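Only one structure is covered here, and it is reproduced in the block below.
The values are calculated or read from the model by the stated rules, or taken from the named source; none is laboratory data. Owing to the predicted nature of the structure, the values given are computational and were not obtained by experimental measurement. So basically every Cβ, Gly included, is an ideal-geometry build from the backbone, and we count neighbours across all protein chains shown. Please note that ligands, DNA and RNA were not included when accessible areas were found on the heavy atoms of the full protein model with its side chains. Shrake-Rupley method; radii C 1.70, N 1.55, O 1.52, S 1.80 Å.
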Amino acid sequence: MKVLVSVKRVVDYNVRIQVKGDGSGVNLDGVKMSMNPFDEIAMEEAVRLKEAGTAEEVIAVTIGGDKAEEQLRSALAFGADRAIHVKVNEEVSPLTAARILKAVFEKEQPGLFLMGKQAIDDDNNQTGQMTSALLGIPQATFAGELKIDGNKATVVREVDAGLETIEVDLPAVVTADLRLNEPRYLKLPDIMKAKRKPVETVSMADLGVEAAPGLTVTKTSPPPARAAGIKVKTVDELVAALKDKGLV
Amino acid sequence: MSKILVVAQHDDGQLNVATARAVKCASEVGGEVEVLVLAESGQSIGEAAAQLEGVSKVLVADNAANSQPLAAVLAPQIAKVAQDGGYSHVFGPNTTYGKDLMPRVAALMGVAMVTDIMAVHGAHEFDRPIYAGNAIVTVQADSGQAVVASVRCASYQAAGQGGSAAVEGISVDAELPTHTRYVGLKKEGGDRPDLQSAPRVVSGGRGVGSSENFKVIFDLADKLGAGVGASRAAVDSGYVPNDMQVGQTGKIIAPELYIAVGISGAIQHLAGIKDAGCIVAINSDEDAPIFEVADIGLVGDLFQVLPELQGKL
Ligand SMILES: Cc1cc2nc3c(=O)[nH]c(=O)nc-3n(C[C@H](O)[C@H](O)[C@H](O)COP(=O)(O)OP(=O)(O)OC[C@H]3O[C@@H](n4cnc5c(N)ncnc54)[C@H](O)[C@@H]3O)c2cc1C
Ligand SMILES: Nc1ncnc2c1ncn2[C@@H]1O[C@H](COP(=O)(O)O)[C@@H](O)[C@H]1O
């Protein structure tokens with residue numbers, strides 16, 4: 001079985017982002033970029049499937065500008081066998097990303113498409129569901145546990161009420177949640193080896209994909225500030241402050 | 001004029017309160033607000049939805065295939081109802097149910113989706129959070145297309161009762177896949193107030209140290225009649241189940257009172273509590289970032305503070 005994994009280049013999760021003063025967006029100059037953490041989890045899961053003998057080949061795909069190759073190299077260092085770089089310089093909407101990923105899926109015919117549940121830049125949480133809808137195949141989102149058994153997968157999903165288990169026919173899209181696994185630390189020899197692995201570059205036109213309608217961002221603002229708080233020294237003061245606010 | 005279809009969430013035959021919050025948001029768009037119930041047998045759920053203020057009609061589509069909330073099965077029916085009925089908007093809640101379902105609906109309809117509406121400026125203009133709520137974008141949707149969206153429940157009160165909409169049974173002619181099958185649900189939550197709607201929440205983090213120690217959190221919560229939450233670190237360490245995680249990728253909540261105990265205040269955690277009325281932080285590290293957002297901070301050891309606090313309430 002082939003496993004396809006999507007990886008997105010995003011602002012590192014440790015960065016405290018700043019909104020530009022003129023409301024035109026978020027300041028990304030000189031900001032540390034990384035692979036979306038949920039995609040690292042998806043990547044790790046794919047590599048484990050290969051190590052377990054369930055998968056024969058792991059292919060990483062990204063949609064982004066030239067620099068997104070860095071994240072593909074990280075994916076290759078995780079253990080992907082090869083990578084596909086769909087070069088697009090502007091941001092794509094989730095529906096456009098889904099159209100592109102559908103085209104890559106159809107070309108590669110994987111048995112499983114592992115994605116992140118959410119990209120932590122735009123927090124859209126859409127692309128996996130859209131990709132599987134366009135392909136007409138099952139989706140198992142927010143996966144906390146994945147078992148492959150022949151042409152079926154059993155997925156434990158992290159839902160509001162607890163843990164839901166579903167069974168899907170393969171091929172399917174599975175989106176990774178936090179507790180699917182703990183991604184490994186990349187080791188220097190693997191990073192060196194990744195430099196020599198093949199990366200294929202394609203354009204949207206090569207894939208025959210047109211951009212889908214998206215949303216227009218008219219303004220970016222900082223969140224409303226919270227009023228400054230107080231510090232209390234004792235539990236008595238805490239209880240008094242809570243009573244004062246009518247909360248207890 | 002807008003014609004809005006709100007997809008109802010229900011569990012165990014009960015209308016989930018997230019539906020009433022999505023209805024409230026839809027009412028702010030204006031126009032007709034209708035609710036769609038997809039269930040195995042949804043009459044009583046539909047009747048509950050009909051009582052929500054602002055709802056003009058409830059559609060109930062009964063089908064044995066709808067007995068479980070599988071997005072692959074529900075989405076084609078919603079897309080069909082939305083397209084045949086000429087709806088301008090299709091809204092769902094941003095619970096895991098809605099997050100799983102609504103993008104699939106949008107893709108089937110070939111339209112963009114707005115995740116996590118937190119404010120409505122017009123029929124096609126909304127605010128939504130990005131970067132864990134550290135920036136808010138105002139987005140404009142194409143007015144020539146239906147708007148599919150999820151509603152950030154923490155931003156909206158539940159619509160009031162007192163409505164009396166008509167309930168209409170419908171049958172939906174859509175091809176339903178069999179490639180996705182429900183196996184089961186393991187519910188973790190006990191009989192404490194629901195985290196997503198409780199007016200008071202006490203949360204514990206890595207500082208609590210173990211699942212046995214979480215008793216101090218539960219005890220304080222019980223004293224306050226509060227729901228119980230946790231940080232990712234507490235969940236990952238196995239102190240408490242996943243459904244208690246609060247944050248960017250867990251539950252986003254807006255209680256009147258939020259007490260964070262042994263939680264450092266990472267941006268991903270804060271994303272889940274930005275709309276809390278009053279944030280209380282109890283942490284032994286006076287430099288913990290949680291104190292930057294706390295309305296009331298107390299530096300101290302939680303194992304001393306909590307029992308004393310419980311005794312004095
Ligand atoms: C993609 C991604 C998504 C994430 N999503 C979420 C999310 O949804 N929710 C979330 O919470 N996190 C999330 N995180 C994790 C987040 O970055 C932090 O790692 C996490 O919130 C830390 O949890 P914590 O505050 O409990 O632990 P720590 O940061 O370890 O803090 C523990 C705190 O306990 C205090 N403490 C220790 N002992 C005591 C004591 N005896 N008395 C009082 N205080 C004490 C310490 O001073 C410290 O401040 C996410 C991370 C990533 C990468
Ligand atoms: N530009 C992109 N390149 C590669 N994968 C992407 C891209 N955008 C989204 N994805 C995938 O879709 C997931 C969900 O993204 P989103 O819907 O934007 O929250 C991510 O975790 C990625 O796996």
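Things worth noting here:
- By the Stokes-Einstein formula, at 1.002 mPa s and 20 °C, the protein assembly as shown with its Kirkwood radius over alpha-carbon pairs has D equal to 89 µm²/s.
- By accessible area with a 1.4 Å probe, ligands and nucleic acids excluded, highest first: order of A:LYS8, A:LYS193: A:LYS193, A:LYS8
- Cross-link reach is defined here as a Cα-Cα straight distance under 25 Å, omitting same-chain residues fewer than 8 places apart; for B:LYS251 the lysines meeting it are A:LYS8, A:LYS117, B:LYS24, B:LYS99, B:LYS186, B:LYS187, B:LYS215, B:LYS223, B:LYS274.
- Calculated FRET value between A:LYS107 and B:GLU32, using beta carbons and R₀ = 51 Å, to 0.05: 0.70
- Shown here for region B:192-287: GluC sites (Glu not before Pro) in loop regions (DSSP other than H, G, I, E, B) with at most 12 other Cβ atoms within 10 Å, namely B:GLU212, B:GLU286.
- Here's how it looks for A:LYS117: its modeled amide H is under 5 Å from those of A:ALA176, which are all 5 or more places away or on a different chain.
- Label zone at A:ALA211, where the point sits 7 Å out along the Cα-to-Cβ direction: region A:83-120 residues whose backbone N lies under 17 Å: A:86-101
- Relative contact order of region A:2-220, defined on C-alpha pairs under 8 angstrom at six or more residues apart (%): 26 percent
- Nearest-0.05 FRET efficiency for A:ASP236 and A:GLU91, computed from C-beta distance (R0 56 Å): 0.60
- Computed from phi, the 3J(HN,Hα) profile of region A:186-194 under the Karplus parametrisation 6.51, -1.76, 1.60 (θ = phi - 60°) reads 6, 9, 3, x, 5, 5, 5, 4, 4 Hz, with x in place of Gly and Pro.
- Selected from A:LEU72, A:LEU238, A:LEU95 as most flexible by GNM, with chain A as the system and alpha-carbon contacts under 10 Å: A:LEU238
- Cleavage-rule hits (GluC sites (Glu not before Pro)) in region B:76-180: DSSP loop, at most 16 neighbouring Cβ within 10 angstrom: B:GLU175
- Other residues whose C-beta falls under 11 angstrom from the C-beta of B:GLN268 contribute a net charge of 0, scoring Lys and Arg +1 and Asp and Glu -1.
- Our helix-only sum for the protein assembly as shown, with -39,500 (n - 2.57) per DSSP H run of n ≥ 4 divided by its residues, gives a mean residue ellipticity at 222 nm of -8000 deg cm²/dmol.
- Result for chain B in a Gaussian network model with C-alpha springs under 10 Å: among B:GLY92, B:GLY204, B:GLY13, the largest mean-square fluctuation is at B:GLY13.
- Per-residue 3J(HN,Hα) values for region B:174-180, derived from phi via the Karplus relation 6.51 cos²θ - 1.76 cosθ + 1.60 with θ = phi - 60°, read 9, 7, 10, x, 10, 7, 10 Hz in sequence order (x marks Gly and Pro).
- Gaussian network model of chain A, Cα within-10 Å springs - most flexible of A:ALA55, A:ALA205, A:ALA227: A:ALA227
- Within straight-line reach of A:LYS152, meaning a Cα separation under 16 Å, sit the following lysines at least 8 residues removed in sequence or on another chain: A:LYS2.
- Dipole-positive endmost among B:LEU185, A:VAL155, A:ILE41 within the protein assembly as shown (Cβ charges, Cα centre): A:ILE41
- Heavy-atom SASA rank of A:ASP177, B:ASP84, B:ASP142 (probe 1.4 Å, accessible area, largest first): B:ASP84, B:ASP142, A:ASP177
- Distant-in-sequence amide H partners of B:ILE117 (H built 1.01 Å from N, under 5 Å): B:SER150, B:VAL151, B:ARG152
- Taking label points 7 Å from Cα along the Cα-to-Cβ direction, A:MET1 and B:GLU168 give a separation of 4.5 nm.
- Projected label points at B:ASP222 and B:GLU188, each 7 Å from Cα along the beta carbon direction, are separated by 2.0 nanometres.
- Taking amide H positions as modeled 1.01 Å from N, with prolines and chain starts lacking one, the residues under 5 Å from A:LYS152 and 5 or more places away or on another chain are A:LEU170.
- For region B:200-312, taking Cα atoms only, Rg and Dmax work out to 12.2, 34 Å respectively.
- Once C-alpha pairs closer than 8 Å and six or more residues apart are averaged by separation and normalised to the residue number of region B:1-149, the relative contact order reads 23 percent.
- Integer Hz, Karplus 6.51/-1.76/1.60 couplings in order for region B:233-246, x for Gly and Pro: 4, 5, 6, 4, 7, x, 5, 9, x, 4, 6, 9, 5, 9
- The distance linking region B:56-103 with region B:193-209 is 31 Å (Cα centroid to Cα centroid, whole angstrom).
- Separation of region A:165-229 and region B:1-52, taken as the distance between their Cα centroids, equals 33 angstrom.
- Residue (of B:PHE303, B:ALA123, A:GLN126) at the positive-pole extreme of the protein assembly as shown, dipole from beta-carbon charges: B:PHE303
- FRET efficiency estimate (nearest 0.05) - Cβ-Cβ, B:ASP142 to B:SER41, R0 41 angstrom: 0.65
- Charged-residue dipole, Cβ positions (Lys, Arg, Asp, Glu), chain A about Cα centre, Debye nearest 20: 580 debye
- Here B:TYR131 sits with roughly 30 square angstrom of accessible surface, probe radius 1.4 Å.
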